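> Have a look at the structure that comes next, please.
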Amino acid sequence: MEAITYARAHRDRCLAELQDFLRIPSVSTQAKHQEDVEEAAGWLRDRLLEAGFPEARVMPTDGHPVVFAEWSDAGDAAPTLLIYGHYDVQPPDPLDLWKTPPFEPTLKGDDLYARGASDDKGQLYTHVKAVEAWRETRGAPPVNVKCIFEGEEESGSPSLEAFIREHKDLLSADAALVSDTGFIGKDVPSIVYGLRGLAYLEIEVTGPDHDLHSGTYGGAVLNPINALCRLVADLQDENGRILIPGFYDRVVELPDEERAELAAVPFDRETWLEETGVPTDWGEAEYSILERVSARPTLDLNGIWGGYTEPGAKTVLPSKAFAKLSMRLVPDQDPQRIAELAADHIRALAPPAVQVEVRPLHGGEPALVDRESPMIEAASRAYEEGFGLKPVLVRRGGSIPVVAKMQSILGIETILMGFGLPDDRLHSPNEKFHIPNFYRGIETSIHFMDFLGGEPVS
């Protein structure tokens, strides 16, 4: 195929462009990077225009902008594919754990190290380059293509739902394509059909109205850090079972057939332990590791702080203590309802000697995709062409809120075609993207569009 030949001949330029993209510190959660996020949006718009899109623009939201592009030369008879991605990235902290500068992309062998390399700039960019290959070889893609690339995914996509509702007609399509997931194993490509939702809270515990000397007041004033630790410890048992009343009321249990399918997915426990760096797995013993990390709800502290944390000793009894808490949710759990149940339970657990405030930060709904969709079949064929490997169908434990929103608002299913690897260290220091997967991802996207262009979409 000429488009594949073109993509292979221009790999060096594609990699150089990706490195330029990764140098922009588009951290959406930090106000100091506002201009960087805007720069990344403008950079992406310019590359979309260069790739051949007749229309590409930066569109404002109440937060960071959305980059939209459209190419509809394939005609009304051809399907329309809506490609989603996000150009914002996680903060790079802690910086001292990075072996290379997080915003200076560094090649080591076949891996490119930088914040956002795999999540999601590298994966997003495969589709931009696939469209370019079609433009250069046959003049246009074989399908109609629209792109919606947001700048707030890492901060919970607070502006995205309103944007989709406001531009429902503009975003109309037959199906959506998202590449923000990855392989389940290094040589096991995966098509994701299920994602967990999310409810994210911040807890603030206040004791005295100012810091106190721990020798003078300790033993008579309840330390907010002590109270917070006891409080969060009471939210789940030693096996990970969550103790919030009503938490499991709407959890849809995995059917036996699906459990059997997940059990057949290639999974090496020892490799998984090596990737995680833990001596053994933990959690609900009646469920497998794959089930625990993809199809069961969870509760985790993502941060906890208070008092004195600098080097040396300071005998302080702090006024306040804080924690950030995330709960991954499964069908049919409602994020808002779970957040309310958790907040009520946390306040009920609080001893009278402290005050507790619980603030919801953001959330997202879980999503399931029809595994029998012809789009899934086209994606499977594309992986076989691009990687020479047949993909497996899996659930994944992360949350991509836009998937459920596109289902409910636009009425379209999403195909989750990820090209990352399990050891890409998403959200961690030393994030990377396996460059052979970048190149093969471009080719897989080309094949996917080719298969869609020759087949009706139902």
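The values are calculated or read from the model by the stated rules, or taken from the named source; none is laboratory data. Quantities reported herein were computed from a predicted structural model and do not represent experimental measurements. Cβ: placed from backbone, ideal geometry, glycine included. Neighbour counts: every protein chain shown.
> Where in region 68-118 are the strands (runs of 3 or more DSSP E), entirely inside, with at least 1 residues that are within 20 Å of residue 424 (Cβ to Cβ) and among the polar types (S, T, N, Q)?
Here the list reads 106-108.
> Would you mind finding the one in 97, 49 that is in the same structural domain as residue 154 (by TED's automatic domain parsing) and surrounded by 13 or more Cβ atoms within 10 Å (Cβ to Cβ)?
After applying the criteria, what remains is 49.
> Looking at 409, 442, 415, 400 in this structure, which one is within 20 Å of residue 18 (Cβ to Cβ) and among the β-branched types (Val, Ile, Thr)?
442
> Can you tell me which of (1) part of a helix (DSSP H, G or I); (2) of a type in the set (S, T, N, Q); (3) buried (at least 20 other Cβ atoms within 10 Å of the Cβ) is the one residue 333 doesn't meet?
Just one mismatch for residue 333, condition (1).
> Further question: List pairs: first residue in region 156-169 and assigned by TED's automatic domain parsing to the domain that holds residue 327, second residue among the polar types (S, T, N, Q) anywhere in the structure, Cβ distance under 6 angstrom, at least six positions apart or on different chains.
none
> Anything in region 288-306 that is crowded, with 17+ Cβ neighbours inside 10 Å and not in a helix (DSSP H, G or I)? List them, or say none.
288, 293, 294, 295, 296, 297, 298, 299, 306
> Inside region 416-458, can you point out the residues that are of a type in the set (Phe, Trp, Tyr) and out of contact with any Cys (no Cβ under 9 Å at 6 or more places or on another chain)?
Across region 416-458, the qualifying residues are 419, 433, 448, 451.
> In region 380-438, what residues are out of contact with any Pro (no Cβ under 9 Å at 6 or more places or on another chain), within 22 Å of residue 98 (Cβ to Cβ) and among the acidic types (Asp, Glu)?
Hits for region 380-438 are 423, 424.
> Does residue 128 satisfy being more than 22 Å from residue 24 (Cα to Cα), at pLDDT 95 or above and not aromatic (Phe, Trp, Tyr)?
no
> Right, something else. Quick one: is residue 207 touching a residue at least 24 places away in the same chain (Cβ under 8 Å) and either under 26 Å from the mean Cα position of the chain (by Cα) or over 17 Å from residue 354 (Cβ atoms) (or both)?
Answer is no for this residue.
> Quick one: which of 120, 96, 73 is within 24 Å of residue 182 (Cβ to Cβ) and among the acidic types (Asp, Glu)?
120
> Moving on. Kindly indicate whether any position in region 37-47 is farther than 30 Å from residue 452 by Cβ, at pLDDT 95 or above and out of contact with any Gly (no Cβ under 7 Å at 6 or more places or on another chain).
yes
> Does region 221-234 contain any residue that is part of a strand (DSSP E or B), more than 30 Å from residue 419 (Cα to Cα), modelled with pLDDT of 95 or more and not acidic (Asp, Glu)?
yes
> Then there's this: Spot the failing condition for residue 238; the list is (1) free of Cβ contacts under 8 Å to residues at least 60 places away in the same chain; (2) surrounded by 18 or more Cβ atoms within 10 Å (Cβ to Cβ), and only one is missed.
(2)
> Of these, 173, 162, 133, which one is of a type in the set (A, V, I, L, M) and more than 16 Å from residue 411 (Cα to Cα)?
Of 173, 162, 133, the one residue that is of a type in the set (A, V, I, L, M) and more than 16 Å from residue 411 (Cα to Cα) is 133.
> Also, quick follow-up: Name the single residue that is surrounded by the most Cβ atoms within 10 Å (Cβ to Cβ) among those in region 144-164 being over 12 Å from residue 66 (Cβ atoms) and of a type in the set (S, T, N, Q).
Result: 144.
> Kindly provide the set of residues from region 198-220 that are in contact with a helix residue (DSSP H, G or I) (Cβ under 7 Å, 6 or more places away or on another chain) and either assigned by TED's automatic domain parsing to the domain that holds residue 153 or hydrophobic (A, V, I, L, M, F, W, C) (or both), ordered by number.
Result: 198, 199, 201, 203, 205.
> Okay, moving on. Please find, within region 362-402, the residue that is surrounded by the most Cβ atoms within 10 Å (Cβ to Cβ) out of those that are basic (Lys, Arg) and modelled with pLDDT under 95.
The extreme case among them is 395.
> Let me ask something else. Among 281, 249, which is surrounded by 13 or more Cβ atoms within 10 Å (Cβ to Cβ) and either in a loop (DSSP other than H, G, I, E, B) or touching a Phe, Trp or Tyr at 6+ places or on another chain (Cβ under 7 Å) (or both)?
281
> Also, I was wondering about something else. Considering only residues that are in contact with a strand residue (DSSP E or B) (Cβ under 8 Å, 6 or more places away or on another chain) and of a type in the set (Val, Ile, Thr), look in region 403-458 and name the one that is modelled with the lowest pLDDT.
Across region 403-458, the extreme among qualifying residues is 457.
> I've got another one for you. What's the number of the only condition in (1) in the same structural domain as residue 448 (by TED's automatic domain parsing); (2) crowded, with 20+ Cβ neighbours inside 10 Å; (3) of a type outside the set (Gly, Ala, Ser); (4) farther than 30 Å from residue 332 by Cα that residue 354 fails to meet?
The number of the failed condition is (1).
Matching residues to (1) in contact with a helix residue (DSSP H, G or I) (Cβ under 7 Å, 6 or more places away or on another chain); (2) closer than 22 Å to residue 328 by Cα; (3) assigned by TED's automatic domain parsing to the domain that holds residue 179:
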| position | (1), (2), (3) |
| --- | --- |
| 374 | no, no, yes |
| 390 | yes, no, yes |
| 399 | no, yes, yes |
| 419 | yes, no, yes |
| 425 | no, yes, yes |
| 433 | yes, no, yes |
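> If you don't mind, there's one more thing I want to ask. Looking at 348, 353, 343, can you tell me which residue is farther than 21 Å from residue 180 by Cβ and without any contact (Cβ under 8 Å) to a residue 40 or more places away in the chain?
Just a single option satisfies the conditions, and that option is 348.
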